[in-house]
Each structure stands twice: as structure tokens, then as C-alpha cells.
Amino acid sequence: MPSPYSRLILVFFVLCLSTSCQSSNSNNDEYNAEIYSMDTIISLRVWGDNGNVSIQDCENFIYSIEDRFSTTRENSTIYRLNRSDDWISVSQEMADVLSFAITMTHQTQGAFNPSIYPLVTAWGFTLDQHIVPDSDTIDSLLPLIDIEAVHLDSEKNQVRLEENVQLDLGAIAKGYTADRVADLLRSNGHSSALISLGGNIYAVGKKVDGSLWNIGIKNPYGGGTVCSVYIEDKAVVTSGGYQRYFIEEGETYWHIIDPRTGYPAKAGLASVSIVSDSAMYGDVLSTALFVMGLEEATEYWRTHQDFEAILICDEGDVFITSGLLEQFAMVSTYTTGELKVIYP
Ligand code: AMP
Ligand code: MG
């Protein structure tokens, strides 16, 4: 039999517990988690009621995306597509992402091309067993990098890849995921959250103190940041040679490949960051503009102008599109290059 004292202690304990739950459910509390998925460290920071439940929802969603989009998981949709030249049924979600990827391949004139997988594998980036392929190997793979060999039937949600053609959604999937995670958090009632998937950042609303999010752009030449962008309800997505690379005989080879040459894209840029409403759009464009180089990227922005960009050149100069001027600050300690503005 419990004594009256122990019953009193129990009641007191339960009261304390429920008070602490309540206070951690008040709107200004932060809930956060860090997980490893999609080959990268993912950090989720959520403010507002039931943030812990929302974080769990996000984690489950992210793991499920990895299960469907991975090139190496044996049951993923992409894995199955890459090993067949028959029509394969895909989800509405996969059909939508592929449809956007195909459109963007045309729009970027092939700088972004999700049929890049045979080359990604040849350079050993798929399993992190890096090698420099000989030029004959590259020449033999180039004809497979062909978006016309990727067939999507949007009525039936079926996809067919021609023989030996293979997909890699690595340059778009994290952006897509960031957008969906942001949607999920909004629909769970959160008006403030920060999502970071590798180089893909999405800021939901403003910070709880009402100020804009301050997103630092990494210095591609070492630690620290080069500049900050101030945003709300936007994505900042960065592609850079420094993110994944290997060095052989003094030469650096990175994971972003120019589909037109088959070699890592060396167009004079160290990193490209895109500021846009959609992280998926930003993800495609950061990869594409990195491949294009400064001149072609500038022309692309002037033609489209539905995003902003920060382009850091090999020599360290920082080019920003003029729409960022009001929401941008250089870091005073960055002295490697100068700030230059691209106008329409
Ligand atoms: P990101 O970090 O978004 O620039 O994407 C780079 C990843 O996308 C690489 O690790 C490859 O898996 C894949 N990739 C590399 N080059 C390209 C390209 N030109 N177009 C589309 N995907 C690419
Ligand atoms: Mg990308």
C-alpha cells in the first residue's frame, strides 16, 4: 500500500511534469533534430506547438523519400528504373519531379541533366570509390546522357529508360524534399522553421522574434562565410565544388559534372547559391548555373529573373544579382575578392 506521503509526492510529480510539457508547448520554444539521410546531414529546427511531433513527421517523410529516390537502395523507384528498359509505373510524386526535371533539362540547355548517372558512377561518386576514367570510357558514356531517352507518360504515370540510360536525381531531390518538409510544417501549424538538407536551406516564415532569417553563404576556400542573405519563406540552395571532391595527382575532381563534356564542370565558379521561392527550382538551378559558368549564368538570370543568385568565382570575386541588394551583407573579414552586382 502506498503511504499518503508517497501519493502526495506522486501527485506533485505529475503536476510538475504537465507544467513543464505545457511550457515547452508555448509558441516560442524551439524543437530540433539532426539526422543523416540522403547522403547528407539534415537539420530541422521548428518553433511552435507540438514541434516534437512535427519533427518526427518530417523525419519519417525524409526517410521515405530516400527509400524512393535513392540510386543505390535496391527497392527504390530509381534503382528499378535504372535496371530496366520496360515501362515502369511510378507514383504521382515521382512523375511530377521527373516532369519538372525534364522541363528544366531543356530550359538549362542540358547544363542540368538527370540522366547523368552513368558518368557519376564512372567517376566513382556513387559509392565514394573515386577514379579518373580514361577518355575512351567518357566518350562511350556521353551518348547515354540523353534526356530524349527518358520517356515519361504523364497520363499513365509510367516511365521508360532506353537501354543503359540511368537517372540520378541527386541534384533535385533534396530541394524537392525541403519544399515538401516546409509544406508539412506549415500544415501542422508552424509559422517559423529552418530546414537544412546539405546545401539546401528553406526558411519558413520569420524568426520567432519577428526578424528575417540570416543565412550564411559558406566560404568555398575555407572555414566561415562570405556573406549573408536575409530571407523569409524562401530557399537558399548552394552547389559548390568544395562539397564533394577528390584529388588525384594534384588535380581536383568534383561531383558536379558537365553533361556536355563528361568531366567535372570547371567553368570558373567555386560555388553558386540560388535564392528562390521553391527549393526544388533552386536546387536545379544551383547545379545548372555552376555548370554554365559566370557569363552563361548571367544571361540565364537576365532571361528568367524569377530567382536571385550569388556566384563566387574561382579567384574569389562575389557576383550577386541586383534583386538581392536590399537583403544582403558581405562578411567584413572576407578579403579574397570583391563584390560585384549583376543588373538586368
Ligand atoms: P547538387 O549538389 O545539387 O549540385 O547536385 C550534385 C549531384 O547531382 C551530384 O552528386 C550528382 O549525383 C548529380 N549531378 C552531377 N552533375 C549533374 C548535372 N550536370 N545535372 C544533374 N545532376 C548532376
Ligand atoms: Mg542541385
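Just so it is clear, none of the values below were taken in a lab; they were calculated from the coordinates. Because the structure is predicted, anything quoted here is derived from the model rather than measured. Virtual Cβ from ideal backbone geometry, glycine too; neighbours counted across all protein chains shown.
From the residues in the range 158-167 that are buried (at least 18 other Cβ atoms within 10 Å of the Cβ) and not β-branched (Val, Ile, Thr), which one is farthest from ligand 2 (Cβ to nearest atom)? Please lay out each step first, then the result.
Looking only at the range 158-167, we keep the residues that are buried (at least 18 other Cβ atoms within 10 Å of the Cβ), and these are 159, 161, 165-167.
Now narrow it down to the ones that are not β-branched (Val, Ile, Thr): 161, 166-167.
On the way: Leu161: 21, Gln166: 18, Leu167: 14 Å.
Ranking the candidates gives Leu161 first.
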task: Would you check which residues across the range 94-112 are closer than 12 Å to Ile172 by Cβ, within 16 Å of ligand 1 (Cβ to nearest atom) and buried (at least 16 other Cβ atoms within 10 Å of the Cβ) and list them?
output: Val97, Leu98, Phe100, Ala101, Ile102, Met104, Thr105, Thr108, Phe112
- request: Looking only at the range 294-309, decide whether some residue is within 16 Å of ligand 1 (Cβ to nearest atom), surrounded by 20 or more Cβ atoms within 10 Å (Cβ to Cβ) and of a type in the set (A, V, I, L, M).
  value: yes
- prompt: Mind checking which residues of the range 58-81 are within 19 Å of the chain's Cα centre (by Cα) and more than 19 Å from Ile172 (Cα to Cα)?
  reply: Asn60
- line: Within the range 168-221, of all residues that are in contact (Cβ under 8 Å) with a residue 40 or more places away in the chain and among the aromatic types (Phe, Trp, Tyr), the one farthest from ligand 2 (Cβ to nearest atom) is Tyr221
statement: Flagged pairs (Cβ under 7 angstrom, 6 or more apart or on separate chains; first in the range 252-281, farther than 21 Å from Val226 by Cβ; second assigned to a strand (DSSP E or B) and charged (D, E, K, R)) are Asp277/Lys234
query: Looking only at residues in the range 276-298 that are of a type in the set (S, T, N, Q) and within 16 Å of ligand 2 (Cβ to nearest atom), which one is nearest to Ala111 (Cα to Cα)?
result: Thr287
query: Which of (1) more than 13 Å from ligand 1 (Cβ to nearest atom); (2) of a type outside the set (A, V, I, L, M, F, W, C); (3) surrounded by 20 or more Cβ atoms within 10 Å (Cβ to Cβ) does Ser239 not meet, given it meets every other one?
result: (1)
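Name the residue, out of Ser115, Ser140, Ser91, Ser135, that is among the small types (Gly, Ala, Ser), touching a residue at least 40 places away in the same chain (Cβ under 8 Å) and surrounded by fewer than 16 Cβ atoms within 10 Å (Cβ to Cβ). Steps first, answer last, please.
Values: Ser115 fails: surrounded by fewer than 16 Cβ atoms within 10 Å (Cβ to Cβ); Ser140 fails: touching a residue at least 40 places away in the same chain (Cβ under 8 Å); Ser135 fails: touching a residue at least 40 places away in the same chain (Cβ under 8 Å).
Testing whether each residue is among the small types (Gly, Ala, Ser), touching a residue at least 40 places away in the same chain (Cβ under 8 Å) and surrounded by fewer than 16 Cβ atoms within 10 Å (Cβ to Cβ) leaves just Ser91.
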message: Need a quick list: strands (runs of 3 or more DSSP E) entirely within the range 122-217 having at least 3 residues that are within 15 Å of the chain's Cα centre (by Cα).
response: 192-197, 200-205
- prompt: Can you tell me how many residues in the range 198-224 are of a type outside the set (Lys, Arg) and within 16 Å of ligand 1 (Cβ to nearest atom)?
  reply: 7
- prompt: If Cys227 passes every condition in (1) more than 28 Å from Ala182 (Cβ to Cβ); (2) away from ligand 1 (no atom under 13 Å from the Cβ) but one, which one does it miss?
  reply: (1)
task: Determine whether the range 34-54 contains at least one residue that is small (Gly, Ala, Ser) and without any contact (Cβ under 8 Å) to a residue 24 or more places away in the chain.
output: no
